[in-house]
Amino acid sequence: MNEKVILQLCVNCFFDNPRLIERCTVGHGNYVYIVECAGVKYVIRCSEEHNAYKDTIYWLEQLASIEIPIPKVIAHGNFEQYEYLILNYFEGKDIGLVYTQLNDEDKKEIAKEIVAIQNKVAALELENVEPQWSWHSVINDMLERSKERIAANGYFDVEKVERLWKLAEQLDEYFTNIKPIAYLDDVSTKNLLIHNGRISGIVDIDWMGIGDKLTYVALTNMALLNMECDTDYVEYILAEMQLNDVEKKAFLFYTLMFCVDFMGERGMQFMDKTIEVNEQIIDRLNGIYEQLMQCFLRKYN
């Protein structure tokens with residue numbers, strides 16, 4: 001995809017040549033551009049998949065009623081070989097891009113904000129949850145995906161995933177009691193926009209997490225560890241959530257689960273992007289895994 005397509009799409013939708021076309025580099029599931037037409041900025045997402053934004057539009061409509069900072073759908077349709085979705089623009093950058101600029105008070109306030117937002121999302125009534133849904137299946141599917149990717153890419157040892165299946169047995173009762181509750185599962189170091197030290201918007205809501213919202217905190221934890229940043233923001237989220245002992249154990253397990261997920265993505269290609277892999281990255285992820293595993297074994301075995 002190139003900027004000529006975006007330019008012509010803007011002309012078709014806004015009857016104006018864009019004064020700005022900027023490709024967003026974060027994420028790898030869509031082509032995402034920021035454009036400015038007639039003095040107003042918009043976000044344009046494009047995909048070659050059929051019905052790519054059906055779920056996105058559905059969930060944005062569902063979430064609109066609970067007053068959280070999510071985009072509004074300006075337009076959607078088909079253009080050339082792409083499906084497109086045009087959304088309003090939020091000032092701000094992904095929290096991962098500004099994390100090192102945030103002070104301690106910023107992190108505390110953002111943690112309070114995201115916990116409050118997730119509590120609102122949890123109150124949504126979910127429709128069409130499959131009768132056979134279980135959190136055990138969700139966990140197993142994610143570990144199986146990581147194992148398959150790691151085996152295919154060859155940069156890490158699949159034994160790391162197999163160890164997690166054994167640890168999961170210790171959380172069997174906890175997983176059994178997880179209900180199908182809605183949460184935003186992809187607000188980690190990306191998709192959570194920060195402006196002037198506060199949340200300005202939540203973007204890329206293509207699906208809804210259903211189950212244990214602790215996973216979004218664990219994903220954030222793993223992402224920050226991978227960035228070699230402090231995890232103070234995660235600690236503030238956990239303090240707001242007031243976890244009990246078994247929830248703390250599950251949180252550490254989930255962080256390990258996302259660690260092998262990160263391993264599985266290395267070297268994979270998504271559209272025109274290949275996830276970087278080199279010796280330094282391999283060593284870092286292996287080190288994070290061993291550190292987390294030792295922490296889990298020390299506390300719970």
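The values are calculated or read from the model by the stated rules, or taken from the named source; none is laboratory data. Everything quoted here is computed from the prediction, not taken from an experiment. Cβ sites come from the backbone with ideal geometry, for glycine too, and all protein chains shown count toward neighbours. Only protein heavy atoms, including side chains, enter the accessible area calculation; ligands, DNA and RNA are left aside. Shrake-Rupley method; radii C 1.70, N 1.55, O 1.52, S 1.80 Å.
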Report task. Determine the share of the stretch 200-267's accessible area contributed by carbon and sulfur atoms, expressed in whole percent, with a 1.4 angstrom probe. Result -> 45
**Report entry** Global form of the stretch 227-301, assessed from the alpha-carbon gyration tensor, a/c cut-off 1.5
**Finding:** prolate
Report summary line: Cα-Cα longer than 22 Å, checked against 166/299; 93/249; 54/107, kept in input order, equals 93/249; 54/107
**Report entry** Per residue, in Å², the accessible surface of the stretch 217-301 once ligands and nucleic acids are set aside, probe 1.4 Å
**Finding:** 45
Query - the stretch 1-115: C-alpha gyration tensor shape, a/c 1.5 cut-off, then a/b vs b/c - result: prolate
Query - Euclidean distance of C-alpha centroids, the stretch 235-255 and the stretch 20-59, integer Å - result: 34
Query raised in the report: Measuring from centroid to centroid over Cα atoms, what is the spacing of the stretch 263-296 and the stretch 189-226 in Å?
Result: 19
Report summary line: Output for the stretch 30-99: trypsin sites (Lys or Arg not before Pro) sitting in coil per DSSP, at most 10 other Cβ within 10 Å, listed by number, reads 72
Query raised in the report: When only Cα pairs under 8 Å and 6 or more residues apart are kept, what is the percent relative contact order across the stretch 21-150?
Result: 17
Report summary line: Heavy-atom accessible area with a 1.4 angstrom probe orders 236, 254, most exposed first, as 236, 254
Report summary line: Carbon and sulfur atoms account, in whole percent of the 1.4 Å probe accessible area of the stretch 1-97, for 48
Query - Probe 1.4 Å, protein heavy atoms only - accessible area per residue of the stretch 1-114 in square angstrom - result: 54
Query - Overall Cα dimensions of the stretch 159-285 - principal axes, largest extent first, Å - result: 42, 41, 28
Report summary line: Taking a ≥ b ≥ c as the square roots of the eigenvalues of the Cα gyration tensor, with a/c under 1.5 meaning rounded and otherwise prolate when a/b exceeds b/c and oblate if not, the stretch 96-216 is oblate
Report task. Determine, at each q value in 0.06 (inverse angstroms), the log₁₀ of I(q)/I(0) that the Debye formula gives when each Cα of the chain is one equal point scatterer. Result -> -0.21
